[in-house]
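Have a look at the structure below before the remarks.
The values are calculated or read from the model by the stated rules, or taken from the named source; none is laboratory data. Treat the numbers as computed from the prediction; the structure is a model and nothing was measured. As a convention, Cβ positions derive from the backbone with ideal geometry for all residues, glycine included, and neighbour counts pool all protein chains shown. Please note that ligands, DNA and RNA were not included when accessible areas were found on the heavy atoms of the full protein model with its side chains. Shrake-Rupley method; radii C 1.70, N 1.55, O 1.52, S 1.80 Å.
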Amino acid sequence: WELERGDSIDVKVDFAPGFEGRFQVGFRLVCDNCSVQEYTIHGMGLVPSLKLLRLDAEQIMPPLADLLRPNVDQAFADLAPGAVSTRIVVLKNRTALPIQFHWAVEHHRTPHTEQSKYVTKWG
């Protein structure tokens, strides 16, 4: 690329740490007039850490509250087909960076949770 006087250019640098810790890398920008500019980029790899504070109205106590990545494996109360039940899970981000995440709800088939059982049993 070429830059005229007063021009600027964006240089994209991706940071994707493979493990936790501090990172530092240097690079050089060499111009055709043999001028060399050296730059250093610093980054920090952090392991996401959430604290489980509450499940519904119940405050969660250690040791479950202190786990690095709490596994919230909770069951819902028995419900009639078509009814709705809600659970509230309160988590706190313990890292210095924002955490983007999504919920994944897994359904484990049992004899009591198959839709066909409701249809045949209750018509």
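Some notes on this structure:
- The range 1-54: chymotrypsin sites (Phe, Trp or Tyr not before Pro) falling in loop per DSSP and having at most 16 other Cβ within 10 Å: Trp1, Phe15, Phe19
- Portion, in percent, of the accessible area of the range 1-98 that falls on carbon or sulfur, probe 1.4 Å: 52
- In the range 1-48, trypsin sites (Lys or Arg not before Pro) in a DSSP loop with at most 14 other beta-carbon atoms within 10 Å: Arg5, Lys12
- Once the C-beta distance of Phe76 and Ala16 is scaled by a Förster radius of 35 Å, the resulting FRET efficiency is 0.40 to the nearest 0.05.
- Database remark: amide H of Val89 closer than 5 angstrom to the amide H of Asp56 (H placed geometrically; neighbours at sequence offset of 5 or more, or on other chains; Pro and chain starts carry no H).
- Peptide packing for 42-48, 31-37 was compared via the average number of neighbouring C-beta atoms within 10 Å per residue; ordered from the highest value, the list is 42-48, 31-37.
- At full extension, Met44 and Asn93 could sit 16.0 nm farther apart than now, given 0.36 nm per residue minus the alpha carbon distance.
- With the simple model of a label 7 Å out from the Cα in the direction of the Cβ, Leu53 to Cys31 spans 5.2 nm.
- FRET efficiency, Met61 to Ala83 (Cβ-Cβ, R0 35 Å, nearest 0.05): 0.70
- For the pair Gln24 and Glu2, label points projected 7 Å from Cα toward Cβ lie 3.8 nm apart.
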